[in-house]
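For reference, the structure is listed below as structure tokens.
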Amino acid sequence: MPELPEVETVANGVHARVAGQRIVSVWTSGKPQTFKSPESEIAETLTGKWIERVRRVGKSIVMDLRESPRNKKIDTGAQFLVHLGMTGRLLVSQPEVPLPPHTHAVLSLADGREVRFVDARRFGRLSVVKQIGGYIGPGVEPTTISAEEFSTLFKGRKLAIKAALLNQSILHGVGNIYADESLFRAGIRPRKQAGKLTHAELARLHEALQAVLAHAIKLGGSSVSDYVDADGVAGFFQLEHKVYGRAGELCSDCGTALKKIVVGGRTTVYCPKCQS
DNA sequence: AGGTTGACCTGGACGC
DNA sequence: TGCGTCCAGGTCAACC
């Protein structure tokens, strides 16, 4: 489900509901794979803390934790990281609502509500970190990077530009949908070597990527299969997909049949005419 | 070191 | 209806 716009939608939704709340207890499922930090450490770190804010860094949801509700005491520096993987959901629910199947963590809040992490496919990961100055993620932030800095990211890279966009240690937050959609809008072949993009192509890709991400965030992300935001509401950007999920359909710009290939191990759809 | 591939999971869609 | 196959928005370890 979750690339940058979807994760940002969820993070903002959860922030609006739980910022300023205190976590009174933590339950975890015991499925080892879900927990990147030991479950006992997660429970100890979260229990009794106030949630200062919930935000997105890369594809992770970051919960900043405090020892006290106000700024009087120092920040704990502790943060709870939620990576949604493919099917993870972070829900805020009343306690009487039955736990969905595949619930792996429940944070009980002082007002009785619960923050629930649900993940059928178990590619999601929960962890706690204590980084002074805050968690910064594996790569650079695509929504705010300048055109100049963007064009330096791919210098000398031999991998395909599509694979480079998906590499979280280069640029974090972009996944399969927004890689394909931004390459289409920039008119660039997904298989072109990243280091061989011209100055003009880099400028177009920077522009297209930021435009597509901003527009998707505005629409609440893309709802493909089971994605919903913190309220259980679907996003609408999938209606604007020009190539993702449209292999074999005709290009909306030129009428050519959209082609499906595999790049960097991922299904990739592009227009052979518009992306040359 | 950079780049590529397969493994990790469950469930939904599709074909027979 | 039921069963088998294929596919999925993401990482990451293990290879080349």
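Structure summary
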{"item": "Neighbour-count order for A:His215, A:His15, fewest beta carbons within 10 angstrom listed first", "result": "A:His215, A:His15"}
{"item": "GNM result for chain A, Cα springs below 10 Å: residue of A:Asp180, A:Asp253, A:Asp75 fluctuating most strongly", "result": "A:Asp253"}
{"item": "Proximal lysine pairs, region A:147-270, alpha carbons under 22 Å, eight or more residues apart or interchain", "result": "16"}
{"item": "15 Å reach of a label modelled at A:Thr143, 7 Å along Cα-to-Cβ, counting backbone N of region A:19-62", "result": "A:54-62"}
{"item": "Spatial separation of Cα centroids for region A:244-276 and region A:194-209, in angstrom", "result": "19"}
{"item": "Whole-Å distance, taken between Cα centres, linking region A:2-28 and region A:142-185", "result": "27"}
{"item": "Debye log10 I(q)/I(0) for chain A, one point scatterer per Cα, at q = 0.08, 0.13, 0.16 Å⁻¹", "result": "-0.36, -0.87, -1.17"}
{"item": "At least 24 Å along the helix axis (C-alpha) and Kyte average at least 0.0, DSSP helices within chain A", "result": "A:199-218"}
{"item": "Candidate lysines - alpha carbon under 16 Å from A:Lys36, same-chain residues fewer than 8 apart omitted", "result": "A:Lys59, A:Lys130"}
{"item": "Fraction of antiparallel bridges per DSSP, region A:4-130 only, in percent to nearest 5", "result": "95"}
{"item": "Average Cα contact separation per residue, chain A, under 8 Å, 6 or more apart, as relative contact order %", "result": "19"}
{"item": "Region A:147-270: radius of gyration over Cα atoms, expressed as a fraction of 2.2 N^0.38 Å", "result": "1.05"}
{"item": "Helical mean residue ellipticity (222 nm; -39500 (n - 2.57) per DSSP H run of 4+; nearest 500) of chain A", "result": "-7000 deg cm²/dmol"}
{"item": "Order of A:Met63, A:Met86 under a 10 Å beta carbon neighbour criterion, fewest first", "result": "A:Met86, A:Met63"}
{"item": "Student exercise, region A:4-130 dipole from Lys, Arg, Asp, Glu Cβ charges, in Debye to nearest 20", "result": "220"}
{"item": "Longest to shortest principal axis, alpha-carbon extents of region A:4-130, angstrom", "result": "41, 32, 27"}
{"item": "Student exercise, chain A dipole from Lys, Arg, Asp, Glu Cβ charges, in Debye to nearest 20", "result": "800"}
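No value in this document is a laboratory result; all are computed from the given coordinates. All values derive from a computational prediction rather than experimental measurement. For neighbour counting, all protein chains shown are included, and Cβ atoms are generated from backbone atoms with ideal geometry for every residue, glycine included.
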